[in-house]
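Q: Here it is, the structure in full.
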Amino acid sequence: MAQVRLSINGRSYRLECDDGSRARFDDIAEYVNATVDGVIDEFGQVGHDQILLLAALKLADELFDAQGIVDTPDETPAGETEPIAEAAGAQK
């Protein structure tokens with residue numbers, strides 16, 4: 001197992017991954033960090049736990065869209081969804 005260190009929202013995490021999947025893990029971690037940074041840009045530092053929750057909801061929303069799991073409401077134009085953070089009631 002390879003050990004990797006990543007930083008999200010100023011906090012450092014040490015995790016393990018399979019030796020052969022290090023590059024993929026780094027790419028995924030970079031994508032998650034970019035999502036967290038986007039939440040911070042949109043809402044500010046509203047608390048580490050809330051930022052991670054909103055980022056997780058945004059990523060799950062993307063996944064559901066990609067898998068066609070969630071139906072798009074009739075009033076929402078195709079390809080557009082309500083921002084998950086607003087739906088979750090996040091405060092700016």
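The values are calculated or read from the model by the stated rules, or taken from the named source; none is laboratory data. As the structure is a computational prediction, the values presented were derived from the model and not from experiment. Here the Cβ is made from the backbone with ideal geometry for all residues, glycine too, and neighbour counts use every protein chain on show. What goes into the accessible areas is simple: the full protein's heavy atoms, side chains included, and nothing from ligands, DNA or RNA. Shrake-Rupley method; radii C 1.70, N 1.55, O 1.52, S 1.80 Å.
Q: I'm told S12 meets every condition in (1) on the phi < 0 side of the Ramachandran plot; (2) open to solvent by less than 70 Å² (accessible area, probe 1.4 Å); (3) not acidic (D, E) except one. Can you identify the failing condition by its number?
A: Of (1) on the phi < 0 side of the Ramachandran plot; (2) open to solvent by less than 70 Å² (accessible area, probe 1.4 Å); (3) not acidic (D, E), only one is false for S12: (2).
Q: Which residue is nearest to the chain's Cα centre (by Cα), if the candidates are limited to the stretch 24-61 and must be loosely packed, with under 14 Cβ neighbours inside 10 Å and within 15 Å of R11 (Cα to Cα)?
A: Residue satisfying both the conditions and the ranking: A34.
Q: Something else: P77 versus (1) at pLDDT below 90; (2) surrounded by fewer than 14 Cβ atoms within 10 Å (Cβ to Cβ); (3) touching a helix residue (DSSP H, G or I) at 6+ places or on another chain (Cβ under 9 Å): which is the lone unmet condition?
A: All conditions are met except number (3).
Q: What are the residues in the stretch 62-74 that are at pLDDT 60 or above and more than 29 Å from S12 (Cβ to Cβ), if any?
A: F64, D65, A66, Q67, G68, I69, V70, D71, T72, P73
Q: Exactly one of (1) outside any helix (DSSP H, G or I); (2) out of contact with any Leu (no Cβ under 8 Å at 6 or more places or on another chain); (3) hydrophobic (A, V, I, L, M, F, W, C) is unmet by L6. Its number?
A: Looking at each condition in turn, L6 falls short on (2).
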